[in-house]
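Colleague: Sharing a structure below in structure tokens format, with a few things to ask.
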Amino acid sequence: MNELNYSYQKRVSKRTILLTFFFFLWFFGLTLRLIQLQVIEHSRLKAAVVKQNQVKPDIIPERGTIYDRRGKIMARSLPTPSVFFLPSEDEPSEEQFARIRRLRILDLSDKELQKIKARIEGGDTFIWVKRKISPEKAELIKSMGLNGINFQQEHKRYYPLGTLAAHALGGVNIDDKGAGGVELQYNARLEGVKGKSLILRDAHQRRYHLEVLKEPTPGQDLILTIDETIQYIAERELIKAVREKGAQWGTVIISHPSSGEILAMASYPTYDPNFYPPSSPEAERNRAIQHNFEPGSTFKIITAVAARETGLVDFYDSFDCSEGKIKVAGWTISDHKKMGLLTFSEIIIHSSNVGTIQVSYRIGPENLYRMIKNFRFGEKTGIDLPGEENGIFHALKYWTKTSLPSHAIGYEISVTAIQILQAMNIIANRGCLVPPRITRETLDLTGSMKASPSPCERIISEKTATELINHVFERVVLDGTGQAAQLNGFTVAGKTGTAQKIDPASGNYSAGKHLASFVGFVPAAKPVLSMIVVIDEPKTGLHYGGQVAAPVFHEIASRVLLYLRQSPEIDPTKKIVTAQLRSESER
């Protein structure tokens with residue numbers, strides 16, 4: 001009996017030892033596993049859990065509003081829903097992608113669908129499906145109750161005036177970052193500072209908690225010098241002229257000379273910044289500041305200034321232009337008609353190439369080159385817009401025998417429209433350079449032209465500028481090539497330009513391709529506005545600046561002066577008669 005008990009106890013003891021051994025072995029293995037999970041792989045596993053259950057997308061702040069000078073909204077951001085997808089690691093990618101394909105209301109292209117599919121298969125935890133959709137579409141999608149489909153409130157940029165001032169405003173990309181115009185130039189100010197959100201989701205990838213970790217900082221507002229009404233007038237007349245003349249493109253810039261403020265900046269072709277970027281790169285190009293061209297006769301402004309500032313030519317000095325042509329280093333340069341004996345004033349008034357070249361020989365290359373440099377050609381004006389061109393102006397050491405006469409009449413040099421307007425503004429400001437600008441610090445709801453004073457740098461003497469206005473540039477409009485720019489009740493000072501363009505095929509100047517321009521200011525005594533009009537390759541009717549661009553100046557300026565409630569300063573009939581009598585006496 002004792003032996004049976006002993007044998008039984010022995011077997012029990014062996015089983016107990018064996019069970020204890022396996023228990024300690026299991027416990028040891030469990031401990032190792034826990035050490036592995038809790039210590040060795042803690043960081044990796046924690047990151048995996050966070051990745052699966054948490055997403056921290058950026059919160060795009062509300063972009064600052066852009067106003068015109070009178071406080072009218074030109075660009076603003078409004079709340080709009082965006083659709084995003086939270087993929088699941090526990091569900092086949094094909095099933096998840098099938099839910100995306102059900103969102104036909106979003107009109108996703110094949111390219112967009114394939115990109116989303118690739119991101120699902122690649123293990124992305126946050127995927128944009130369609131950003132900035134209409135609230136109506138968002139509600140329809142919510143009613144479908146699809147797992148993983150979520151919404152985030154963003155802001156969409158709206159331009160309530162459509163194409164108006166498109167080139168000045170620019171546009172933004174899908175992330176609300178400026179991509180052109182003042183939207184790009186002042187992006188850091190307008191965009192604000194991003195915030196951060198936390199999205200928690202369950203095992204089915206359904207969002208159950210949304211928390212804002214960092215509030216976004218809204219962007220600052222921006223006030224332009226542009227006047228919405230003046231911009232509308234400029235664009236309407238520019239588009240009308242380009243279409244009527246069958247031209248390639250056109251641009252108009254209107255400024256307030258004494259402050260440098262740009263009141264309107266129009267280019268055509270144009271685009272709608274609500275649908276940025278435009279389908280045509282050419283439409284996006286701001287030709288007011290981004291297109292170089294040979295100016296032709298508007299550049300005679302500089303030749304006239306050099307002649308008078310050096311004192312080498314008097315207003316009543318006579319030059320023989322009776323042949324109507326002149327030889328320059330084997331080239332023949334002609335006038336549009338024979339003009340006989342002309343005074344220096346009449347040469348500029350009637351835009352004689354033959355006379356201007358003779359004047360340039362008296363001035364000399366050094367004096368003309370120095371004056372061109374003083375007027376800042378070959379460098380940017382510094383207007384606060386991106387992409388401004390320098391123009392092309394070669395150093396004096398590279399000038400050839402044709403350079404002096406060519407520069408004198410606006411060839412062998414390339415400029416931008418804003419550079420020519422700045423040159424005329426120096427004359428309007430009686431010899432002072434005030435840099436152009438398109439933004440202002442304070443909002444003036446009256447749209448007053450009495451803007452904050454701008455730094456003024458003297459370029460030429462007040463005497464030279466005043467005499468040129470009285471003896472030359474007023475008379476260009478009164479009885480010269482710019483008569484189509486005349487305004488009832490106001491004296492206008494200006495200069496026309498007609499430049500032959502180079503034919504890319506032959507490399508020579510084309511007889512059938514021209515660039516027509518007019519630049520001027522009004523009233524001549526105390527300018528309220530200055531303006532340049534450029535029309536490229538007019539094909540219908542005459543191609544001269546006086547017949548193509550000057551009438552556009554007239555139409556725009558007459559309406560703008562009425563809008564600004566400017567009282568007539570003179571009896572224009574008497575002024576014209578006086579000018580004609582004075583011209584006859586000089587002859």
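The values are calculated or read from the model by the stated rules, or taken from the named source; none is laboratory data. The structure displayed is predicted, hence computed values, not measured ones. Positions of Cβ are generated from backbone atoms using ideal geometry, with glycine treated the same way; all protein chains shown enter the neighbour counts.
Colleague: Among the residues of the range 526-551, what is the count of those that are hydrophobic (A, V, I, L, M, F, W, C) and modelled with pLDDT under 95?
Modeller: Of the residues in that region, 1 qualify.
Colleague: When you scan the range 528-552, how many residues do you find that are touching a Gly at 6+ places or on another chain (Cβ under 7 Å) and of a type in the set (A, V, I, L, M, F, W, C)?
Modeller: Total meeting the criteria: 4.
Colleague: Restricting the range 339-359 to residues that are more than 18 Å from Pro295 (Cβ to Cβ) and either modelled with pLDDT under 95 or in contact with a Pro (Cβ under 8 Å, 6 or more places away or on another chain) (or both), which is surrounded by the most Cβ atoms within 10 Å (Cβ to Cβ)?
Modeller: Met339
Colleague: Could you tell me whether Val252 is out of contact with any Gly (no Cβ under 9 Å at 6 or more places or on another chain) and part of a strand (DSSP E or B)?
Modeller: yes
Colleague: Please determine whether any residue of the range 384-401 is over 22 Å from the mean Cα position of the chain (by Cα), touching a residue at least 60 places away in the same chain (Cβ under 8 Å) and surrounded by fewer than 17 Cβ atoms within 10 Å (Cβ to Cβ).
Modeller: Yes, some residue in the range 384-401 is over 22 Å from the mean Cα position of the chain (by Cα), touching a residue at least 60 places away in the same chain (Cβ under 8 Å) and surrounded by fewer than 17 Cβ atoms within 10 Å (Cβ to Cβ).
Colleague: Provide a single number: the residues in the range 308-318 that are surrounded by 13 or more Cβ atoms within 10 Å (Cβ to Cβ) and either in contact with a Cys (Cβ under 9 Å, 6 or more places away or on another chain) or more than 18 Å from His407 (Cβ to Cβ) (or both).
Modeller: Residues flagged as surrounded by 13 or more Cβ atoms within 10 Å (Cβ to Cβ) and either in contact with a Cys (Cβ under 9 Å, 6 or more places away or on another chain) or more than 18 Å from His407 (Cβ to Cβ) (or both) within the range 308-318 amount to 3.
Colleague: Same structure, new question: What's the number of the condition Ala264 fails, among (1) at pLDDT below 95; (2) closer than 30 Å to Glu228 by Cα; (3) among the small types (Gly, Ala, Ser)?
Modeller: With (1) at pLDDT below 95; (2) closer than 30 Å to Glu228 by Cα; (3) among the small types (Gly, Ala, Ser) applied to Ala264, the lone miss is (1).
Colleague: Can I ask one more? Looking only at the range 262-288, count how many residues are buried (at least 20 other Cβ atoms within 10 Å of the Cβ) and either aliphatic (A, V, I, L, M) or in contact with a strand residue (DSSP E or B) (Cβ under 6 Å, 6 or more places away or on another chain) (or both).
Modeller: Adding up the residues that qualify gives 12.
Colleague: Another one. Restricting to the range 105-142, count the residues that are more than 21 Å from Asp176 (Cβ to Cβ), hydrophobic (A, V, I, L, M, F, W, C) and surrounded by 15 or more Cβ atoms within 10 Å (Cβ to Cβ).
Modeller: Result for the range 105-142: 6.
Colleague: Here is a check on your reading of the model: is Phe84 more than 30 Å from Arg236 (Cβ to Cβ), among the aromatic types (Phe, Trp, Tyr) and free of Cβ contacts under 8 Å to residues at least 24 places away in the same chain?
Modeller: Criteria not met by Phe84.
Colleague: Another question, then. For Leu385, state whether it is at pLDDT 95 or above, closer than 20 Å to Phe299 by Cα and not hydroxyl-bearing (Ser, Thr, Tyr).
Modeller: no
Colleague: Pull out all pairs, ordered by first then second residue, where Cβ-Cβ is under 8 Å, the residues are six or more apart or on different chains, the first lies in the range 116-137 and is closer than 12 Å to Ser93 by Cβ, and the second is surrounded by fewer than 16 Cβ atoms within 10 Å (Cβ to Cβ).
Modeller: If the second residue must be surrounded by fewer than 16 Cβ atoms within 10 Å (Cβ to Cβ), the pairs left are Gly123/Glu89.
Colleague: For the condition under 27 Å from Leu529 (Cα atoms) and basic (Lys, Arg), what is the one hit in Lys380, Lys397?
Modeller: Lys380
Colleague: Which of the residues belonging to the range 548-567 are touching a Pro at 6+ places or on another chain (Cβ under 9 Å) and farther than 14 Å from Lys240 by Cα?
Modeller: Leu561, Gln566 - these are the residues of the range 548-567 that are touching a Pro at 6+ places or on another chain (Cβ under 9 Å) and farther than 14 Å from Lys240 by Cα.
Colleague: Here's a follow-up. Within the range 392-417, which residues are under 18 Å from Lys495 (Cβ atoms) and in a loop (DSSP other than H, G, I, E, B)?
Modeller: Matches in the range 392-417: Ile409, Gly410, Tyr411, Ile413, Thr416.
Colleague: Just checking, how many residues over the range 552-587 are at pLDDT below 85 and either farther than 25 Å from Thr343 by Cβ or of a type in the set (S, T, N, Q) (or both)?
Modeller: 7
Colleague: Return the total of residues in the range 289-307 being in a helix (DSSP H, G or I) and surrounded by 22 or more Cβ atoms within 10 Å (Cβ to Cβ).
Modeller: Looking only at that region, the number is 13.
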